[in-house]
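The values are calculated or read from the model by the stated rules, or taken from the named source; none is laboratory data. Treat the numbers as computed from the prediction; the structure is a model and nothing was measured. Note that we place each Cβ from the backbone using ideal geometry, even for glycine, and neighbour counts take in every protein chain shown.
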Amino acid sequence: MTKKIKVLVVDDEEFNLDIMTDCLEEAGFEVIAADDGDVALQKLETVPDIKVIILDRMMPRMNGMELLEKISKIPILKDIPVIMQSGAASGEQILEGKEAGVYAYLPKPFDAALLVWGVQAALKDYERAG
């Protein structure tokens, strides 16, 4: 049995977590789910080998941009590619995310094929750079 690639999905909406989890599991990934930034940070520190993070930008407590900033300061986490998935997708918001280190910025509503493609592309680039 081959080991599945772990993807952390962070979204405060249970519905979004469920559909992204189903989509990514169908594509062969192991999904680690977190419903806010604090839980995501805890999982990043305790679950080994997470290869890609899918991150909602707008969440209560710790939003996606705040989590991204924390991740960027932790040496073992800073190189994990982050795909931001958000309804906040104006040009300015996308640019802000890219400048903060986001690998890709996908607008909501959720698109299954685009999400899987983004994860696969991030993995390929991450492996090439690694």
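At a glance:
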quantity: Hits in the stretch 10-43 - residues which are among the polar types (S, T, N, Q) and either in a strand (DSSP E or B) or under 18 Å from Asp111 (Cα atoms) (or both); calculated: Asn16, Thr21
quantity: Condition broken by Ile83, with the remaining ones in (1) assigned to a helix (DSSP H, G or I); (2) in contact with a Gly (Cβ under 9 Å, 6 or more places away or on another chain) satisfied; calculated: (1)
quantity: Subset of the stretch 106-119 (residues that are at pLDDT 90 or above and under 12 Å from the mean Cα position of the chain (by Cα)); calculated: Leu115, Val116, Gly118, Val119
quantity: Where Lys78 falls short, out of the listed (1) without any contact (Cβ under 8 Å) to a residue 24 or more places away in the chain; (2) out of contact with any helix residue (DSSP H, G or I) (no Cβ under 8 Å at 6 or more places or on another chain); (3) exposed (fewer than 15 other Cβ atoms within 10 Å of the Cβ); (4) not polar (S, T, N, Q); calculated: (2)
quantity: Unique residue being part of a loop (DSSP other than H, G, I, E, B) and touching an Asp or Glu at 6+ places or on another chain (Cβ under 7 Å) when the list is Met58, Met62; calculated: Met62
quantity: Checklist (1) in a loop (DSSP other than H, G, I, E, B); (2) within 12 Å of the chain's Cα centre (by Cα) applied to Ile76, failing item; calculated: (2)
quantity: Candidate set: the stretch 23-55, residues that are in contact with a helix residue (DSSP H, G or I) (Cβ under 9 Å, 6 or more places away or on another chain) and more than 24 Å from Gly101 (Cα to Cα); chosen: the one surrounded by the most Cβ atoms within 10 Å (Cβ to Cβ); calculated: Cys23
quantity: Test for Gly91: is it free of Cβ contacts under 8 Å to residues at least 60 places away in the same chain and surrounded by 17 or more Cβ atoms within 10 Å (Cβ to Cβ); calculated: no
quantity: So Leu95, is it under 15 Å from Leu8 (Cα atoms) and of a type in the set (A, V, I, L, M); calculated: no
quantity: Residue under evaluation Ile94, criteria (1) assigned to a helix (DSSP H, G or I); (2) within 19 Å of Ala122 (Cβ to Cβ); (3) of a type in the set (A, V, I, L, M, F, W, C); (4) in contact with a helix residue (DSSP H, G or I) (Cβ under 9 Å, 6 or more places away or on another chain), criterion not met; calculated: (4)
